[in-house]
1. Got a sec? Which of 150, 108, 166, 89 is under 29 Å from residue 199 (Cα atoms) and charged (D, E, K, R)?
2. Consider residue 139 carefully, then state whether it is closer than 26 Å to residue 165 by Cβ and without any contact (Cβ under 8 Å) to a residue 12 or more places away in the chain.
3. Which residue, of 146, 115, is surrounded by 15 or more Cβ atoms within 10 Å (Cβ to Cβ) and either among the hydroxyl-bearing types (Ser, Thr, Tyr) or closer than 30 Å to residue 79 by Cβ (or both)?
4. Could you check residue 56 against (1) farther than 25 Å from residue 255 by Cβ; (2) at pLDDT 95 or above and say which number it fails?
5. Which condition from (1) without any contact (Cβ under 8 Å) to a residue 40 or more places away in the chain; (2) surrounded by fewer than 16 Cβ atoms within 10 Å (Cβ to Cβ) is the one that residue 109 breaks?
6. Having 2 or more residues that are touching an Asp or Glu at 6+ places or on another chain (Cβ under 8 Å) is the bar; report the strands (runs of 3 or more DSSP E) wholly within segment 1-106 that clear it.
7. So, in segment 61-83, how many residues would count as being under 22 Å from residue 213 (Cα atoms) and crowded, with 24+ Cβ neighbours inside 10 Å?
8. Can you tell me which of (1) within 30 Å of residue 145 (Cβ to Cβ); (2) in contact (Cβ under 8 Å) with a residue 12 or more places away in the chain is the one residue 205 doesn't meet?
Amino acid sequence: MSRIQPTLSALQAQGRKALIPYVTAGFPYADITVDLMHGMAEAGADVIELGVPFSDPSADGPVIQKAGDRALAAGIGLVQVLAMVKRFRERNQNTPVVLMGYANPVERYDQKHGAGAFVNDAADAGVDGVLVVDYPPEECEDFAQALRARGMDLIFLLAPTSTDERMAQVARVASGYVYYVSLKGVTGAGTLDVGQVEAMLPRIRQHVSIPVGVGFGIRDADTARAIGRSADAVVIGSKLIQLIEDEPHEKVVPVAVQFLRTIRKALDA
């Protein structure tokens, strides 16, 4: 079992909501990510989503695309991302880490390092979950089993357009949590409709028994608090990326920590 289920179960028992910040690995500086992860955990992050940079990200808006481009230019790929998680684990054995990315880097990793290498190396590094945006659930049962055998979860996205059939397919293979994309479109797009999210979550829970996190469009403490009333977890990425993208090296971690503390406080209020 990964660290995700015990973490989320403990929060539910306390009547609290999970805070799941997302950052792109290697952004805004190639050497900042491990310190940033520690800062996020200290600021109240319950799970950390670490974006694997990729050159053609179909679900990412301009903010996260630009972050990925900068990380790629700095030489950050999946090998470096796994090394970051391993370094994070030297000091933090408790906070779950989820890798979020696309099929291409995962499949290239296995081509280069051997069949099953990604799953084994991710587990050895201390990864808890994997979210591959462009892996449909109906083609993932073997991958999900391989991850579970090494104590990791396969996490899926659901969207406002997801049918009951798709939710049932996801429920069959997903573990850890599901990530409900609260907006049509890419990350950081549009304005969040809290009422629409509140209406959708009971539909999702008819099919999915694991916790439901909500992301895309959560930009401040008020929105996080509103979403936290119905969701099990709040995922926040684009706003965090925007806040740190132009900061000097020494300010990145303090700026991220200050922002996440405001979100944590709102969720606990």
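The values are calculated or read from the model by the stated rules, or taken from the named source; none is laboratory data. The shown structure was predicted, so the numbers you read here are calculated from the model rather than taken from an experiment. Neighbour counts are summed over all protein chains in view; Cβ atoms, including those assigned to glycine, are modelled from backbone coordinates with ideal geometry.
1. Details: 150 fails: under 29 Å from residue 199 (Cα atoms); 108 fails: under 29 Å from residue 199 (Cα atoms); 89 fails: under 29 Å from residue 199 (Cα atoms).
None of the other options fit; the residue is 166.
2. Numbers: closer than 26 Å to residue 165 by Cβ: yes; without any contact (Cβ under 8 Å) to a residue 12 or more places away in the chain: yes.
Taking the combined requirement at face value, the residue satisfies it.
3. Details: 115 fails: surrounded by 15 or more Cβ atoms within 10 Å (Cβ to Cβ).
Step by step, each of 146, 115 is checked, and only 146 is surrounded by 15 or more Cβ atoms within 10 Å (Cβ to Cβ) and either among the hydroxyl-bearing types (Ser, Thr, Tyr) or closer than 30 Å to residue 79 by Cβ (or both).
4. It is condition (2) that residue 56 fails.
5. Condition not satisfied by residue 109: (2).
6. Here the list reads 18-24, 97-101.
7. Residues that pass the stated criteria total 1.
8. With respect to (1) within 30 Å of residue 145 (Cβ to Cβ); (2) in contact (Cβ under 8 Å) with a residue 12 or more places away in the chain, residue 205 is out only on (2).
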